[in-house]
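Right, one structure below, let's go through it.
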Amino acid sequence: MNHNKSRTKRFVNRCKAVKCFAGSNIRKPRMVPGWYFVCIIIVGCLLMTLMACATPFERPGPFDDARLRNRAKTIDEDDIRVSATVPSLEEIRTIFRIDLEKKGIQPLWLEIENNTDRQIYFLPTGLDPEYFSPREVSSRFHRWFSKSANKQIDEHIESLGFRNLINPHSTSSGFVFTNSDENNKFVTVDLIGREWTRSFTLVVHTPNSKFTDDHYERVLRIIVSSELVDVEDGSSLRELLEQLPCCTSSKDGVPSEPLNIVLIGKIQDISPAFVRRNYRYMPVAPQYVFQRPQDVSVSKRDRWVAAQPHVLRAWQTTIRFQNKPVWIGQVSTPLGGRFAHATADGKDSYVEPFVDEARNDLVQDIIYSQSLVKMGFVKGVGRVMASTPRKIPSGATYHTDGLRAVLMFERRPVSLSEIELFAWERLVDHYRQQLDIGKSKK
């Protein structure tokens, strides 16, 4: 009996010991005062954010476009009157009550007065291939937990958008939502009707522009009329083009990249072709021809999808062909193309050594703009073989077939089958010569 009691006592004592041991290893959680206050702050911020998102949208009163109309650039041809302007940043906030600039959206106010007997339709893709529809814009500013506010935003932006269909003897006005341009905006207005098309081009000042309103007019006035050389036939033009400088240069005159492209046409004819293919003004490091930096520089926009990063610099010459200005240009692409990156010292990457590739790609791109009426090739810098490349001041090298492409523009739509050719240098002959030279060295 006593033996059983002693066993029971020992068992109880062991259980107590185990409980004590286990309890000694269990740490009771402690609330750190600092974390407590941090949690309160985070929860408070979330509540404030949700409350802000749920606040109603204050829709402004009726919009009076008289102020925009008074300062708009206007062109009036063939019973069609087109006016366009970009509102100031303050006007944008007042009209839309949302920060479009923050999202990279630039509203263009457009008015089209149709004094013809036909119904016409505006094609916004010609103005900006990546333009935004009103619903795209409003959806970027939708708020959480605020269905009524989102509906108000949708209705407001929709009411301000441009209506693309313009009836006979009527006027349509509103906003086209485009991607932001830092400097003057080339506005191309393509209109179509039954067996009828028209295209209008205006240069519109933007709020952040570093250019004056008459920048491109001043570019055209660079050439004194007494210096102009006007030719009518292709053979005379070819001779003059082949006498132009071979290359760009640094400011102190050291030769650089080959001048490999020629553009023929007025700015109003050339700019729509580049805009339709999504090229925009881009400030780049200066290169020199005729002892002055480039008059114009453009590159393909790549906001949404990576584009070929070709850079085109152009200079107006003293040559006129059939009363059209002639521009000499240089097009190249950074080494690595879409995957190019800045060098360690922060400067641009070296140019792609095979400069003809950028030239040929630009030519193909512009063919699809439906503004190219005639093209050809003339001799330029001369052949530079890949085995003996030529070095430029930046340290990069290049090789080329030595030709410069010549592109002639008109404002009217031109199909691929209508493009004519100058009977000059044949690109295929130069490729064959390069192949023959390569074979002979083996």
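Observations on the model:
- Of the three principal axes defined by the Cα atoms of region 66-204, the extents in descending order read 50, 30, 28 Å.
- In region 52-135, the ratio of gyration radius to Kirkwood radius, Rg to Rh, stands at 1.02 when only Cα atoms are counted.
- Spin-label pair Ser139-Lys251: with each label point 7 Å from Cα along the Cα-Cβ axis, the two points sit 4.9 nm from one another.
- Compactness of region 227-440 - radius of gyration and Dmax, Cα, Å: 16.8, 50
- Separation of the Lys103 and Asp429 label points, Cα + 7 Å toward Cβ, nm: 5.6 nm
- Qualifying aspartates and glutamates (Cα of each under 18 Å from Cα of Lys151; at least 8 residues distant if same chain): Glu58, Asp99, Glu136
Throughout, read-outs are computed from the coordinates displayed, never taken from laboratory work. Just so we're clear, the structure is a prediction, and the values are computed from it rather than from any experiment. Every residue, glycine as well, gets a Cβ built from its backbone with ideal geometry; the counts of neighbours run over all protein chains shown.
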